[in-house]
Amino acid sequence: VMLAVDKTLSKIRVFRCRRLDGIETTAIDILKAYLSDSKGLNIVSQAYDFAAKDFGTIADRSGVPFSKAKKDHEIGEMALNTAFKTGMLKIFKGDEEDKLVRELETMLVTGDKRKAKDDLIDALRYALMQVPIDWEKVAGLEDGENKEKKSTKQHRRPNEFWEDEEG
C-alpha cells in the first residue's frame, strides 16, 4: 500500500496498492513488485511486516532498506479508524484499490485474525503508522482513553473510502 501525504499531515491518500492474488510469490517477487510500483516516486518511508524476515534481509542486501512495521493492533486500528472518520484518509479508485475497500467493508472487528482476508488492511495500517501523526491529538483523546464505544462490526458506506484523483 502506497500513501501520499500532504505537508501538513492532514490529507492522506492511498494511491496505489497490490495484493498479488493467485500468484505464488517469494520475498524476491514481492520486492520486484514493490520496486516496479515505486519507480520514479519520492519514497520517504517504507515498512514491512517483520514476520517476513526473508523479505527484510533480501531488501536490505538489495540496497532497499525497509523499517520494521509498527504492528500494534490497538494503536494501528485507532489510527485507521480516526483517519477515515476525520476524512483525512481516502482511497483513489482502481482495481487493486477496490480490493482494499472490499476488505475494509467486510472486516469484522471481532473476527478470527488467522482466517481474515486482511492483507491490504494490514499493509495500510503499517503504512499509516509510518506517518508521523499524533493520533491521540487528532482523535481528541484525553489521557489515552477513547471515549467512544467500539462496535462489533465496522459499518462503512462505500463513498466514505473513495476519493477522486483530483481531490
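Worth a mention:
Okay, residues lined up against (1) in contact with a strand residue (DSSP E or B) (Cβ under 9 Å, 6 or more places away or on another chain); (2) surrounded by fewer than 13 Cβ atoms within 10 Å (Cβ to Cβ); (3) in a helix (DSSP H, G or I):
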{"position": "21", "(1), (2), (3)": "no, yes, no"}
{"position": "28", "(1), (2), (3)": "no, no, yes"}
{"position": "43", "(1), (2), (3)": "yes, yes, no"}
{"position": "54", "(1), (2), (3)": "no, yes, yes"}
{"position": "57", "(1), (2), (3)": "no, yes, yes"}
{"position": "71", "(1), (2), (3)": "no, no, no"}
{"position": "78", "(1), (2), (3)": "no, no, yes"}
{"position": "84", "(1), (2), (3)": "yes, no, yes"}
{"position": "103", "(1), (2), (3)": "no, no, yes"}
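- Among residues of the range 4-19, those that are closer than 17 Å to residue 132 by Cα, open to solvent by 40 Å² or more (accessible area, probe 1.4 Å) and either acidic (Asp, Glu) or not in a loop (DSSP other than H, G, I, E, B) (or both), counted: 3
- Taken over the range 53-82, the criterion of being modelled with pLDDT of 95 or more and among the small types (Gly, Ala, Ser) is satisfied by 56, 59, 62, 63, 67, 69.
- Filter result for residue 93 (open to solvent by 40 Å² or more (accessible area, probe 1.4 Å), touching a helix residue (DSSP H, G or I) at 6+ places or on another chain (Cβ under 8 Å) and not small (Gly, Ala, Ser)): no
- Matching residues, the range 59-69, being assigned to a helix (DSSP H, G or I) and either open to solvent by less than 40 Å² (accessible area, probe 1.4 Å) or touching a Gly at 6+ places or on another chain (Cβ under 9 Å) (or both): 59
- Beta carbons closer than 9 Å, at least 6 apart along the sequence or on distinct chains, pair a first residue in the range 35-62 that is closer than 17 Å to residue 4 by Cα with a second that is open to solvent by 90 Å² or more (accessible area, probe 1.4 Å) and assigned to a loop (DSSP other than H, G, I, E, B) for 37/18; 45/132; 47/70.
The values are calculated or read from the model by the stated rules, or taken from the named source; none is laboratory data. Worth saying up front: this structure is predicted, and the values here are computed from it rather than measured. Positions of Cβ are generated from backbone atoms using ideal geometry, with glycine treated the same way; all protein chains shown enter the neighbour counts. We work out accessible area using only protein heavy atoms, side chains counted, and drop any ligands, DNA or RNA first. Shrake-Rupley method; radii C 1.70, N 1.55, O 1.52, S 1.80 Å.
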